[in-house]
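Reading through the structure tokens given below for one structure.
Bear in mind that the values in this text are calculations on the coordinates, not laboratory data. On a predicted model such as this, the values are computed, not experimentally measured, just so you know. Here the Cβ positions follow ideal geometry from the backbone for every residue, glycine too, while neighbour counts run over all protein chains shown.
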Amino acid sequence: MSLPTVPRSNALAGLVEELPPASFAIVMATGIISTAAQLLGQVALARGLFAVNLIAYPLLWVLLLARIARCPGRVRADLLDHSRGPGYFTLVAATCVLGSQFILLAGRTGIATALGGFGLLLWIALTYTIFTGITVKQEKPTLADGISGAWLLAVVSTQSIALLAAQLAPELGGFKLATNFFALSMWLWGGMLYIWMISLIFYRYAFFPFSPGDLSPPYWINMGAMAISSLTGATLIENTPHAPFLLSTLPFLKGFTIFYWATGTWWLPMLVILAIWRHVYRRFPLAYDPLYWGAVFPLGMYTACTLEMARAMQLPFLEPFASRFFWVALTAWLAAFVGLLRASARHFSRRASGGTP
């Protein structure tokens, strides 16, 4: 017997209404795993993941626009929410990561440029909407309740624009100098923003009670924000032949690129230890959550940044480590993807049978 039409409609409506602000993290994670695969010569895998993103990115935009049309009040409330609002920065990062894929895998500079421009418009709109909104609102949460690793998505979005600009610069002819300057400026701003935010996050770690439920997957962005900063720095180093002002700052570029990489490397074992504490020692259930894509992305980004930095700065001893770490990132992506499929199947099954999601 076929399922009735109404429950199916309810299932789709429920999917739209419950769409998390950070849902575009799946495009970020898939895109950077694809990029890392391309850097390692895994061309078939890279192109397969690129194909996944070509489906996921427009599909997520359809769902988001439907949510804006169907429940604008909830979208507005999310934007001004200290916990959920920063999740919308995944729109920027996903757009720019997809643009990077178009450059590296398809050689489509025009499409990448259009995505970069769109990402910049999104970044401007979201940055000044979210941060103005949470600044002027009268009722605010405590630091312990309001700050999380998701705030660092603002850093990731900034650095994703810088990265795409740096990748585009060599292809833009007379605009390469200005584009490199823009990329450097965004790279520096992203680094400053990280310093501001990680200070608050570390303070929350050390001086407020911490439960397993507080250690949500976006805390992995602590490392991911530094990884994308390192990848952008390595790309700027490679661009020095195209921009004399970059050549004059080369020692600074190299120093800060290693600084970002070293900071991200410090976070990696710390986050693993905390994950073990959460799931093994405190026995917090390990179940699929859309936020886990925010943990997959840093793993893929760490692989890509280590490879690119090793090549840009002639550090070949790092490449074997990055090659092995890639399989950790890919395994995490597969686990999250299987979790997504199973969670989607359960959602539609429960909605179709008239149950609650």
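Brief remarks on what is shown
- Coordinate range along principal axes, alpha carbons of the chain, Å, largest first: 66, 47, 43
- Residue-averaged [θ]222 nm for the chain, counting only DSSP H segments that reach four residues, each worth -39500 (n - 2.57): -25000 deg cm²/dmol
- Farthest towards the positive end of the charge dipole of the stretch 5-352, among the residues A144, A114, G224, is the Cα of A144, using unit charges on the Cβ of Lys, Arg, Asp and Glu.
- Sites excluded, GluC sites (Glu not before Pro) in DSSP loops with at most 15 other C-beta within 10 Å, longest stretch of the chain: 140-357
- Net +/- balance of residues flanking E308 in space, Cβ distance below 12 Å, scoring K and R +1, D and E -1: -1
- Across the chain, C-alpha contacts under 8 Å between residues 6 or more apart give a mean separation that, scaled by the residue count, equals a relative contact order of 21 percent.
- Exposure proxy order (Cβ contacts within 10 Å, fewest to most) of W293, W189: W189, W293
- Within the chain, the whole DSSP H helices whose Cα atoms reach 15 Å or more along their own axis and whose mean Kyte-Doolittle score is at least -0.5 are 5-17, 25-39, 43-70, 90-101, 109-136, 153-168, 176-207, 221-238, 250-276, 293-312, 319-352.
- The charge dipole of the chain, taken about the Cα centre with unit charges on the Cβ atoms of Lys, Arg (+1) and Asp, Glu (-1), comes to about 700 debye, rounded to the nearest 20.
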